[in-house]
Amino acid sequence: MPAADPYVPGHGNRRFAVRTYDLALDYKIATNHLSGRAVLEIEAADTLDQVALDLYGLSVSRVRVDGRQARYTHRERKLRIALATKAKAGTRLRLEVEYAGKPRPMPSVFGPVGWEELTDGVLVAAQPCGAPSWFPCNDRPDDKAGYRFAVTVADGYRVVANGVLEGRAKRAGRTTWQFRQDEPMAPYLAVLHIGRYVGTQAGARVELVHPRGIAVGAGTAFARQADMVEVFDELFGPYPFERYTAVIAADVLEIPLEAQTLSTFGVNHVAPDWENERLVAHELAHQWFGNSLTAATWADIWLHEGFACYSEWLWSEASGRRSAAEWAAEHHRRLALLPQDLVLGAPGRELMFDDRVYKRGALTLHALRGVLGEAFFPMLRDWTTANRWSTVTTPAFVAHARRYTDADVAGLINAWVYGAALPPLG
Ligand SMILES: [Zn+2]
């Protein structure tokens, strides 16, 4: 069966789409034992006699299709569920999977991704292909669905998942935390955090979740996070979700990572220097670029990282530091000294997270801003509004931007995105 996306071979399936995931998970922290029940409402895109889901390293004990016990095989990373009768395109099916085991990160060409045990808790960092380490899914970025989570852990721990906390129920020393994520979400953006955390509100929509005893307010890299939301609201259009949470784990993390409605940082990202603050701005900007508007294929990751990197420069300017133009000039000089063998719109999976994708992507936007002038931010706001909670491609972005000028936008973006040589900056 062909891969849904050549950058993540073996993941995802194009013959069906998931409408909703309903995950009930019971987790024992001391033994890293997870038992789960996943209910997926799917819709066939083709005639199906089986449904192949991605699930890694956990044991399946029972599968039902529309309430009836179903046969299945689970080898390596694929759970294949046999359908008793063929399903035609457009048919909706309800899949119920019961599974358990000790979740672990999924090995991939990007290194281990997904479920990760912390010193005293758990986080999920699933970009780009770690979702199957904790729930059965159709692991492709363009198959977005609604999610519900009910996660049961021992009292004393706090759970954070995507979306809105709907309720908490305590029973016999354990608490079930219920979250609801209605805006469609790609599987790699689904996350779970479990830790001995407390919450600090930072404005009406923004919360910081962090270990007790670690200050995250004034005098830290997170001090102005609520201001960042306001600045980006203005520049990119309304924040696309109800709430935003920054989770700061007690452990040191190499890099922060975005997820839908929340971002993950390490305790090493709290100190109030520019390097940390730009990461806080970067992860927040992914709520618009990456999470609400998700690249349909990983080859277009510059539509996430280029935009998030440019957002760092915009925050720098908005907060009275160096202007975006100064950052652009500096990074153009730096990129000119590096090998020009990377094609931004097709970096290949080995270079998908190369820093040149980030910087050249940001420079592409700055060059486009030079051409569009005052129409640049209205163009961006219309882009996020027209494609909200959806998937996007580079050709769609070119077609969109062309409507705001008579200049040769297609030529400019082609040189920056599909050429290897670094174009001059404006
Ligand atoms: Zn990023």
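Quick note: the coordinates plus some simple rules give every number you see, no bench work behind them. The model shown is predicted, which means the values in this text are computed figures rather than measured ones. Positions of Cβ are backbone-derived with ideal geometry, glycine not excepted, and every protein chain shown enters the neighbour counts.
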Modelled label-to-label distance, R243 and D182, 7 Å Cα→beta-carbon offset: nm? 1.5
Taking the Cα centre of the chain as origin, sum charge times position over the Cβ atoms of Lys and Arg (+1) and Asp and Glu (-1), and report the length of that vector in debye to the nearest 20. 1580
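With each run of n ≥ 4 DSSP H residues scored as -39500 (n - 2.57), what mean residue ellipticity at 222 nm is computed for the chain after dividing by its residue count and rounding to the nearest 500 deg cm²/dmol? Numbers along the way, then the final one.
Values: 8 runs with 96 residues, N = 426.
Helix contribution divided over all residues of the chain: -7000 deg cm²/dmol.
Kindly put S319, S59 in sequence by how many other C-beta atoms sit within 10 Å of each C-beta, fewest to most.
Fewest-to-most ranking of S319, S59: S59, S319.
Could you order peptides 255-262, 115-122 by the average number of other Cβ atoms within 10 Å of their residues, highest first? Don't skip to the answer; put the middle values down first.
On the way: 255-262: 23.2, 115-122: 18.9.
Ranked by mean Cβ neighbours within 10 Å, highest first: 255-262, 115-122.
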What residue among L93, A126, L192 has its Cα farthest toward the positive end of the dipole of segment 86-196, where the charges are +1 on Lys, Arg and -1 on Asp, Glu, each on the Cβ? L93
So for the pair A271, A30, with labels modelled 7 Å out along Cα→Cβ, what separation do we get in nm? 3.7
Helix 302-318 sits at what angle to the longest principal axis of the chain, using alpha carbons and giving 0 to 90 degrees rounded to 10? 60
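Placing unit charges on C-beta atoms (Lys and Arg positive, Asp and Glu negative, everything else neutral), compute the dipole magnitude of segment 196-287 about its Cα centre in debye, rounded to 20.
Computed charge dipole of segment 196-287: roughly 340 debye.
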For K170, go through the aspartates and glutamates and keep the ones whose alpha-carbon is under 16 Å away, minus same-chain ones fewer than eight residues off. D26, D155
Spin-label point model (7 Å from Cα, Cβ direction): what's the Q340 to S323 distance in nm? 2.6
Using the structure shown, select from K78/K144; K28/K88; K144/K359; K102/K359 the pairs with a Cα to Cα distance greater than 30 angstrom. K28/K88; K102/K359
Just how large is the dipole of segment 1-190 about the Cα centre, in debye to the nearest 20, putting +1 at every Lys and Arg Cβ and -1 at every Asp and Glu Cβ? 600
Can you tell me which of G114, G101, G411 moves the most in a GNM of the chain? Springs connect C-alpha atoms under 10 Å apart. G411
Rank C309, A296, A172 by how far each Cα sits towards the positive end of the charge dipole of the chain (+1 on Lys, Arg Cβ; -1 on Asp, Glu Cβ) and give me just the farthest. A172
GNM flexibility winner over the chain from E96, E283, E242 (Cα, springs under 10 Å): E242
What ³J(HN,Hα) values, in whole Hz, does the Karplus curve 6.51 cos²θ - 1.76 cosθ + 1.60 give for segment 59-74 when θ = phi - 60°, with x put for Gly and Pro? 9, 8, 10, 7, 10, 10, 10, 6, x, 9, 3, 10, 7, 7, 10, 9
Under 5 Å between amide hydrogens, which residues at least 5 positions from Y72 or on another chain qualify, with H placed 1.01 Å from N in the peptide plane? A82
